[in-house]
1. If I filter the stretch B:409-416 for residues that are within 18 Å of the chain's Cα centre (by Cα) and either modelled with pLDDT under 90 or of a type outside the set (Ser, Thr, Tyr) (or both), do I get at least one hit?
2. What residue, among those in the stretch B:363-387 that are part of a helix (DSSP H, G or I) and charged (D, E, K, R), is modelled with the lowest pLDDT?
3. Tell me the residue from A:227, A:250, A:221 that is in a helix (DSSP H, G or I) and modelled with pLDDT under 95, please.
4. Which numbered condition trips up residue A:106, out of (1) crowded, with 20+ Cβ neighbours inside 10 Å; (2) within 7 Å of chain B (Cβ to nearest Cβ); (3) in contact with a His (Cβ under 9 Å, 6 or more places away or on another chain)?
5. Could you please find all residues in the stretch A:209-233 being in contact with a Phe, Trp or Tyr (Cβ under 7 Å, 6 or more places away or on another chain) and not aromatic (Phe, Trp, Tyr)?
6. Quick check on this structure: which one of A:123, A:95, A:82, A:88 is surrounded by 19 or more Cβ atoms within 10 Å (Cβ to Cβ), away from every other protein chain (no Cβ under 11 Å) and of a type outside the set (Lys, Arg)?
7. Does residue A:169 fit the bill of being within 24 Å of residue A:202 (Cβ to Cβ), loosely packed, with under 14 Cβ neighbours inside 10 Å, of a type in the set (A, V, I, L, M) and more than 14 Å from chain B (Cβ to nearest Cβ)?
8. Would you be able to say whether some residue in the stretch B:390-402 is more than 27 Å from the chain's Cα centre (by Cα), assigned by TED's automatic domain parsing to the domain that holds residue B:296 and hydroxyl-bearing (Ser, Thr, Tyr)?
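The values are calculated or read from the model by the stated rules, or taken from the named source; none is laboratory data. Note that the coordinates shown come from a computational prediction; the quantities given were computed from them, not determined experimentally. When we count neighbours, we look across all protein chains shown, and the Cβ atoms used for this are built from the backbone with ideal geometry, even at glycine.
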Amino acid sequence: MPDPALHLAGVTKRYADHIAVDGLGLSVPAGTIYGLLGPNGAGKSTTIRMVMGIVGRDDGEIRVLGRDPAVDRSVLDRVGYLPEERGLYKKMRVLDAIVFFARLKGMGAAAARAGAEGWLERLDLGEWKARRVEQLSKGMQQKVQFVATVLHDPDLWVLDEPFSGLDPVNQDVLREAVLDARRRGRTVVLSTHVMEHAEQLCDRVCIVARGRKLLEGEVRAVRREAAGRRYSVEFDPRSEAVERAMRPGAAFARVAARGERYEVELAEGADPRRVLADLATLDAPLVRWARVEPTLHEVFVSLVAGRGGGASPGGEVAGGGDPGAERVAG
Amino acid sequence: MTPIFLLVATREFRERVLSRAYLLSTLLFPVLVLASVLLPSLLIRGLPSEARTLVVVDEAPLGVAAAVVEALAEPGSDGADGEGKVTATVRRAPLADVEEGLRADLAAERIDGYLWLPPDVADSGHVSYRARNVSNFQEMARIEAAVNDAVRQLRLASVGLSRDQAEALFRRVRLDAVRLGRDGQEGGGAEATFFVGFAISFALYMVIVLYGSLVMLSALEEKTSRVVEVVLSSIDASHLMAGKVLGIGAAALLQVGIWTVAGLTALAAAAPLALALSLPPGALDALRIAPGSLAAMLAYMLLGFFLYAAVFAAIGASVNTQQEAQQFAMLPTMILVVPLMMAPAISAAPDGALALTLSHLPFTSPLVMPARLGAADVAAWEVALSLALLVAATAGVAWLAGRIYRVGVLATGSRPGARELWRWVRHG
């Protein structure tokens, strides 16, 4: 496996009255999209600021593209950073502002100018390039800032809450740009507290709360790990024997009928293979037996609410939401 | 590749120089200076003083009142066309008898004032004047001169001298003061030298405070607009601060350069200009400053700007609103005002203890030493020492300011107290 694009170990940041980041470790494989997830105040932005060399760390190790930015700042020229709180020079012309930021990253003036024009065209901002930044709408300014972030084609994109404040159309534009970056072998680290975005985009996620890591891994694995003992069961057609079998008892602790399907939670001590074998012998054909995986949202809520890291059924299951679940034909 | 702090400096420079405010101030400042130099003298000369009607209450020995009236009636040097003429009528009566009536006349504006010559005027030398307006210096001087002449004649007559004899005896001696440099070159006259010293101090004060404030506001704007977050991911905070100070400093230097060139051009035309403005010949000579002094002044301007700009930058980075920034900015501005308020004392004794001290203290030397250089000859070692102290102080303050800047631009919330600032310095 190649070196991770970003690697943190035991990273800690203390402030006078609290610990913002507490021994955080994570690893972002090159060429992936990585989600840093957590509630407000979890320490996401502080972590990112330490990665970007903006605030110093009190302890721990950070490797950005293999190097410590606190020692070798020049590595940050290969990183594009979109901070959570956006800001541009209001009096500057759009094109000049973008070129300025690209040149800060070591890009030549002419290349930056040409590249910026291309990006602005692509994002429908071509006719705004000579306007002053302050004349643009908030959403346009966000797009301009995004261009400024990635114009120098960084190897590592660090996007802090990139979707906040964008309308759905522009969220799609941004999503496409991120996916395109991965196709071109770039690594993207994005923080968000909107789990749907993370679920759609990320290969791996890390969930942090109160400065600590609660969980890290591939999105699918994270969901599966949290799945526990909830199953979705369907017979077609149903029979009386089925109605009798699908009741709380030795096999099921709880049963809920949802349309054509039953949603069940296995009873304590029940072996899923035995239960499945028993159901398969009923007189009606079993057409579905699938473990219900919680959405990332559910995993997140249960983790952050402090209910432990394992299975936590009882939350609402999003409408038929089991895209990753396995299917068994009966 | 362009060093990164130069990119910051270039951006700042362009943003300042291309702004409308810059263009306006570049054009308006010379106009204002010229106006402030020329207007007062033009105005005073140009304004005709009004005709006055006075009453002389005469209890003095015979002849005094007549001499006063005669002197007052003479057209003054400024009122050649009879303007400013004073018409005086003599009332030979004790003041006590007429005063009430005169006061009534005064109140009713039938007369402009009355003069009382007491019986013992020759001995007491005391004359009272009551009028509606006693703040026109030229008019007061004229009345005083008239009374003086009359009383003096009275006194001289008592020892047997005629008026002509007296005039010959008391012809005035004029002191023609011109500064003589170490090299034997003649500098400007007394008033011009004072003026030049003060003008230099004031110009430096303006440049430092105005452009220092720009540095402060620029830092504050970057902080409040959150641009600083992106910039800091590409450049170290102290380099950002340095670039900002350099860029804005370059804009200041360009402006001062334009003014200087304009000034020198005006100076090349000084003689015809002086003639055209009917100033005494050589009145602008004091503006001819030796090239060495000019270079030293430039050094003081730059170093002074860097010193104060660092302070202003730290302020801009530490606060969150313009109001807070203005409050904090009072401190450096007050320190800079001190040498301005001392300017008369410094000009009066350019080699005195006060001038000597203030021209070596780093926070005042940028204003005081150039003024001394304009007003007197200062030994080269003194300038060297003062510059060395200034360089050291600037480096120290810039270091401190950089530490504060680094933490400050990212800190939000309430404005920091002294203890908080010190924590920033230690951990920055």
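1. Restricting attention to the stretch B:409-416, the residues satisfying the condition of being within 18 Å of the chain's Cα centre (by Cα) are none.
The answer is no, given that none of the residues of the stretch B:409-416 is within 18 Å of the chain's Cα centre (by Cα) and either modelled with pLDDT under 90 or of a type outside the set (Ser, Thr, Tyr) (or both).
2. By that ranking, first place goes to B:372.
3. Result of the check over A:227, A:250, A:221: A:221.
4. Only one criterion is unmet by residue A:106, namely (1).
5. Result: A:233, single match.
6. A:95
7. On the way: within 24 Å of residue A:202 (Cβ to Cβ): yes; loosely packed, with under 14 Cβ neighbours inside 10 Å: yes; of a type in the set (A, V, I, L, M): yes; more than 14 Å from chain B (Cβ to nearest Cβ): yes.
For residue A:169, the condition - within 24 Å of residue A:202 (Cβ to Cβ), loosely packed, with under 14 Cβ neighbours inside 10 Å, of a type in the set (A, V, I, L, M) and more than 14 Å from chain B (Cβ to nearest Cβ) - is met.
8. The answer is no, given that none of the residues of the stretch B:390-402 is more than 27 Å from the chain's Cα centre (by Cα), assigned by TED's automatic domain parsing to the domain that holds residue B:296 and hydroxyl-bearing (Ser, Thr, Tyr).
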